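Have a look at the structure below before the remarks.
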Amino acid sequence: MSALADAFAAARAEGRAALVGYLPAGYPSYEGAVAAFAAMVEAGVDVVEVGLPYSDPLMDGPTIQEAVDAALRTGTRTADVLRTVAAVAATGVPTVVMTYWNPVDHYGVERFVADLAAAGGAGAITPDLLPEEAADWIAAATAHRLDPVFLVAPSSSQQRLRRVAEVTRGFVYAASTMGVTGARESVSNRAGELVARVREVTDLPVAVGLGVGSGAQAAEVAAYADGVIVGSAFVRRLLDAPSESAGAAAVGELAAELAAGVRSGRPVLTPDIWRRNR
């Protein structure tokens, strides 16, 4: 099993969903981001996504774009992202990179995969890479024992879900809505339906992202998903903080609220019961 699979299995054994937290590398600085990630992990995040800042983030909403733009202006590059991965992975929590494909292609697929593995990374999420165009990426990731994670959306056909499930490792990233990232007043009511559809084609854990920003929303999603992914709400805490130390503290506070949310109101499931409910 991979580090990601182990993290989801450990959460499942506790009768809960895994909590996945995202922040971009380099914001508010290299040190500030690492401190925020550490606070997130200490408060109960099970898996960490380190965002690779990119100048054309098609899937990211205004909150993440603001932080990413600031990170790019201060000179954050792929090497800094990999340093961040190494620092976060040293905490013992599975750490993946969230990246658009262009920076990986520019860096070199083989080089990126080798350097990510050397940094202790567990895998990478590539939101704009289609499975049909990912043969080299999948082969390189597999050779270095990294998990390639692909996305599905409510608009995905059943055929598309099967194709994604065939090439994904670790977990399937289920985008709860069509659109860009950002915390919302409510999570799309299509998310539960999407999770159920994915479970028809794979036994991989299914984690839901886009829109979760509170403990109550985390609890709602955790009732039907194997993982709850939170990004923009964490980034907003950093953007609103008066200092780096205050930002890390605010991220930790939100992580604790979300961690409590994924642990609330869900019966403890044995593996046999869990399988029957899938």
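For this structure, a couple of remarks:
- By the helix-only formula, in which each DSSP H run with n ≥ 4 contributes -39500 (n - 2.57) and the sum is divided by residues, the chain has a 222 nm mean residue ellipticity of -14500 deg cm²/dmol.
- Note on S157 and S264: the model spin-label points, each 7 Å out from Cα along the C-beta direction, lie 4.1 nm apart.
- The charge dipole of the chain, taken about the Cα centre with unit charges on the Cβ atoms of Lys, Arg (+1) and Asp, Glu (-1), comes to about 720 debye, rounded to the nearest 20.
- Entry for Rg and Dmax of the Cα atoms in Å (calculated from the structure that is shown) out of (1) 17.0, 51; (2) 24.9, 79; (3) 17.6, 59: (1)
- Sorted by Cβ density within 10 Å, fewest first, the residues R77, R111: R111, R77
- Among S55, S214, the order by Cβ neighbours within 10 angstrom, fewest to most, reads S55, S214.
- Estimated FRET transfer efficiency when R0 is 30 angstrom, pair E253-E110 (beta carbons, to 0.05): 0.15
- Here the convex hull built on the C-alpha positions of the stretch 53-161 has a volume of 120 cubic angstrom per residue.
- Mean Cα-pair separation over length for the stretch 3-276, i.e. relative contact order, pairs under 8 Å, 6 or more apart, %: 25 percent
- Comparing A260, A135, A17 in a Gaussian network model of the chain where C-alpha atoms under 10 Å apart are linked, the largest mean-square fluctuation is found at A135.
- Rough spin-label spacing in nm, given labels placed 7 Å along Cα→Cβ, for A139 and N102: 2.6 nm
Read the figures in this text as sums done on the coordinates, not as results from a lab. All figures in this text were calculated on a predicted structure; none of them were measured in a lab. All Cβ positions, glycine included, derive from the backbone under ideal geometry; neighbour counts span all protein chains shown.
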